[in-house]
Amino acid sequence: MPQDMPPVGGYGPVQYKRNLPAPGFRPTTLLLGMGAIMIFGFYKLGQGIREQNEYAREKMWSRIHLIPLLQAEEDRDLVRRHLADQAREKELLGENVKVYNSDRYVRPTFATTPSNVTK
């Protein structure tokens with residue numbers, strides 16, 4: 001009986017590797033997606049910082065515009081206290097005594113103390 005011989009030109013190649021697709025996204029897709037998310041995050045961060053700066057500028061200018069009003073209110077309070085002090089002095093002493101040797105107005109300093117002291 002004759003022996004079987006291989007065909008002329010040989011057998012075809014044998015596929016021994018598995019040809020399965022890789023699970024998940026490709027690395028380039030993941031990298032591009034992550035980059036897009038980071039760019040969006042940095043954009044929103046910049047918008048937030050810009051908005052905070054605008055709020056701080058608005059707060060500063062509102063305080064600057066309130067300074068004359070607050071100064072006028074403090075001046076009215078000082079005049080009221082000064083006139084009340086002079087009336088009290090006139091009532092106690094009978095005349096207004098000049099404390100200083102000049103007529104120059106000296107702004108008084110008031111210190112408020114608590115009514116009841118606790119230890």
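The values are calculated or read from the model by the stated rules, or taken from the named source; none is laboratory data. Everything numeric in this text was worked out from a predicted model, so none of it was measured. Note that each Cβ is placed from the backbone with ideal geometry, even for glycine, and that neighbours are counted across all protein chains shown. Calculation scope for accessible area: heavy atoms of the full protein, side chains included, ligands and nucleic acids excluded. Shrake-Rupley method; radii C 1.70, N 1.55, O 1.52, S 1.80 Å.
Treating only the Cβ of Lys, Arg, Asp and Glu as charged (+1, +1, -1, -1), what charge dipole size does segment 1-61 show about its Cα centre? Round to the nearest 20 debye.
On the way: 7 positive and 4 negative charges, 32 e Å.
I would put it at about 160 debye.
With +1 on the Cβ of every Lys and Arg and -1 on the Cβ of every Asp and Glu, and nothing else charged, how large is the dipole of the chain about its Cα centre, in debye rounded to the nearest 20? Don't skip to the answer; put the middle values down first.
On the way: 17 positive and 13 negative charges, 78 e Å.
With Lys and Arg at +1 and Asp and Glu at -1, about 380 debye.
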Using only Cα atoms, tell me the angle between helix 27-93 and the longest principal axis of the chain; keep it within 0 to 90° and round to the nearest 10.
10
Reach of K44 by Cα under 17 Å, taken over aspartates and glutamates that are not fewer than 8 positions away in the same chain
E54
Measure of exposure for M60: accessible area at 1.4 Å probe, Å² rounded to 10, is 120
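Using a 1.4 Å probe on the protein chains only, how many percent of the accessible area of the chain belongs to carbon and sulfur?
Numbers: 7640 of 12510 Å².
Percent of accessible area from carbon and sulfur atoms in the chain: 61.
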Give me the tail of P(r) for segment 32-111 as a percent: Cα-Cα pairs with distance above 15 Å.
76
Among V97, H82, Y43, which residue has its Cα furthest toward the positive end of the charge dipole of the chain, with +1 on Lys/Arg Cβ and -1 on Asp/Glu Cβ?
Y43
Along the charge dipole of the chain, pointing to its positive end and built from +1/-1 on Cβ of Lys, Arg, Asp and Glu, which listed residue (P7, Q52, Q71) has its Cα farthest out?
P7
